[in-house]
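What follows is a single structure, written as structure tokens, with notes after it.
The values are calculated or read from the model by the stated rules, or taken from the named source; none is laboratory data. No experiment lies behind these values; they were computed from the predicted model shown. Counting neighbours? That spans all protein chains shown, and the Cβs are built from the backbone with ideal geometry, glycine included.
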Amino acid sequence: MKPLADGMNRILSEGALTVLREAKVLENKGRSILHFEIGQPDFPTPEHVKKAGIQGITDNYTRYTVTEGIPEFVQAIQKEIQITRGYTPELDQILSLPGGKPGIYLTMISTVNPGEEIIFPDPGFPTYSSLSQYIGAKSIPIKLKEENQFRMDPVDIAENISERTKLIILNSPQNPTGSVMTKSELEQVAEIAREYDCFVLSDEIYSKILYEGEFYSVTSFDEASEQTIVLDGFSKSHSMTGWRLGYLVGPAPLIQKISTLVLNAFTCTSEFIQRAGIAALTGPMDHHKIMMKSFRARREILVNGLNEVPGVSCQMPAGAFYAWPNITGTGLSSREMAHYLLHEAGIACLPGTAFGPGGEGYLRFSYATSIDVITEAIPLIRNAIERLKR
Ligand code: PLP
């Protein structure tokens, strides 16, 4: 076989899947494993959303649609942005996509040439750095600091930005740290982006998983019309990871070009899934209240439990559903500790370094799992780490 395209040597897999695979091997050998590695809500998709999807199939909404999405869905997104971000985008600023993730890839390849720079958080969602390498961009990771509660600091962005910077990626609430940037910080980033005339992709997939305060989007700054772009979707807010449904809202000329790319690559988002999305956006949010109540309770138990483990300290995350404990006091590296906990205590969590070099010294626990699992895990983690000290 001839060698593949060069970019294929630069693209990376995701740590969560690697650990899940390793944990499954142990489970197949009869080991019992408690899972904290995967970032998807453990709740079912709300009934009214499922029904709308099924009805869509029954009604034969099973054909191609226009690339940007059926008008009812695009209008529902417009309304959602109006309610949650406080401005009303034009319909030609909106693009329906199969999941939030494609929005990252599509925005990157549409805005950044090889050799140009992309700023993103470190630790951060691994796709940012993997795709940045893939497209031949120069990655500019911005280290998130514990003393700043892991919020991306606009001062660090200002120090690292240059005329070559084309795209800044923000993610708030953040995976993996659970940090939430303040309105003032986001406005400062928007100012910097304007000064350097670069795009800002705001990955807001966790916008509805917030424990304190109001959600604020950096895109309110220019109403996603000049340089900012919203990425949001249904995977986390409506437990719809497997449905693959998300969207972008951005400057109309950019959205139009991305839409042409979508047309060439995968035509459109499945229509019966868009119809489920309309139900999600316009229907009741009772499931969300129940989910948030549960996440809040789990967050307290997990974080308080981790703080009782010798050598471990953990800040209370402000959003998303991840705990990000500092394990430097244990003497093990992130990778060593994740491996040790999996093999010695049957706890599957991710090494912080799965999210970039800035994650060294940390682990990520997804608390999208039951209180029973969390309660069972805490003493196992504590005992395993105490054994290290002996
Ligand atoms: N962005 C972040 C920060 C995420 O954590 C995830 C999923 O884990 C995504 C995007 C992808 O979302 P989706 O499942 O809608 O593609």
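For this structure, a couple of remarks:
- Residues (within 15 Å of the ligand (Cβ to nearest atom) and over 30 Å from residue 270 (Cβ atoms)) located in the stretch 119-140: 121, 122, 123
- From the list 345, 323, the lone residue that is within 21 Å of the chain's Cα centre (by Cα) and buried (at least 18 other Cβ atoms within 10 Å of the Cβ) is 323.
- Residue within the stretch 181-193 that is farther than 23 Å from residue 87 by Cα and either more than 11 Å from the ligand (Cβ to nearest atom) or acidic (Asp, Glu) (or both) present: no
- Candidate set: the stretch 82-96, residues that are among the hydrophobic types (A, V, I, L, M, F, W, C) and surrounded by fewer than 24 Cβ atoms within 10 Å (Cβ to Cβ); chosen: the one nearest to the ligand (Cβ to nearest atom): 83
- The test for being within 16 Å of the ligand (Cβ to nearest atom), touching a residue at least 24 places away in the same chain (Cβ under 8 Å) and of a type in the set (Val, Ile, Thr) holds for residue 169.
- None of 178, 233, 242 is surrounded by fewer than 24 Cβ atoms within 10 Å (Cβ to Cβ), within 30 Å of residue 298 (Cα to Cα) and within 12 Å of the ligand (Cβ to nearest atom) except 242.
- Scanning the stretch 259-304 for residues that are assigned to a helix (DSSP H, G or I), over 25 Å from residue 208 (Cα atoms) and touching a helix residue (DSSP H, G or I) at 6+ places or on another chain (Cβ under 8 Å) returns 261, 262.
- Residue pairs whose Cβ atoms lie under 7 Å apart, separated by 6 or more positions or on different chains, with the first residue in the stretch 191-203 and in the same structural domain as residue 236 (by TED's automatic domain parsing) and the second of a type in the set (Gly, Ala, Ser), are 192/158; 200/190; 200/193; 202/217.
- Scan of the stretch 59-72 for residues that are surrounded by fewer than 11 Cβ atoms within 10 Å (Cβ to Cβ) and more than 21 Å from residue 259 (Cβ to Cβ), ordered by number: 60
- Enumeration of residues in the stretch 206-230 that are assigned to a loop (DSSP other than H, G, I, E, B), within 15 Å of the ligand (Cβ to nearest atom) and either in contact with a helix residue (DSSP H, G or I) (Cβ under 9 Å, 6 or more places away or on another chain) or among the basic types (Lys, Arg) (or both): 207, 208, 209, 215, 217
- Residue match in the stretch 184-195 (condition: of a type in the set (Ser, Thr, Tyr), out of contact with any Lys or Arg (no Cβ under 9 Å at 6 or more places or on another chain), buried (at least 18 other Cβ atoms within 10 Å of the Cβ) and outside any loop (DSSP other than H, G, I, E, B)): no
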